[in-house]
Amino acid sequence: MLKEFKDFIIKGNAIDLAVGVLIGASFGNVVTAITKGVIDPLLNSIGGKPDVSLKLWIFDAGLVANAALSLLITGAVLFFVFIKPMQKLKALTEKPAAPAPPPEPSAEEKLLAEIRDLLKQKA
């Protein structure tokens, strides 16, 4: 069982996942800093602090609305500041793929071509 565990850890998937989680956490801190340091002050200067307070009986639907608004803002920051520029950079650095050669004609298509050629010869 110890050997299987060692194989699992060394296989790469677990290590890749661990590195991804750690980088994701660090990246989350960067996005939070950009959102709180740049986006929130910009929104506050335009229209005040976006804080929704909506009490429905004992429930606070405003918390859900604030979380949804925060998710949208964070998603927009991620998309426009990180994802789109990285996609453009990746497109610039990748070589265009060579077009795939046309597929070989099937046996049926070859037979039909032979029949067509024979009919042309007789005509």
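The values are calculated or read from the model by the stated rules, or taken from the named source; none is laboratory data. Note that the structure is a prediction, hence the values are computed from the model and not measured. All Cβ positions, even for glycine, are placed from backbone atoms using ideal geometry, and neighbour counts span all protein chains on display.
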> Applying the selection to region 69-84, what residues are out of contact with any Ser or Thr (no Cβ under 9 Å at 6 or more places or on another chain) and closer than 21 Å to Lys36 by Cβ?
Replying inline: Leu69, Leu71, Leu72, Gly75, Ala76, Leu78, Phe79, Phe80, Val81, Phe82, Ile83
> Somewhere in region 29-49, is a residue among the acidic types (Asp, Glu) and at pLDDT below 70?
Replying inline: no
>> So Leu69 ticks every box in (1) assigned to a helix (DSSP H, G or I); (2) modelled with pLDDT of 80 or more but one. Which box is left unticked?
In response: (2)
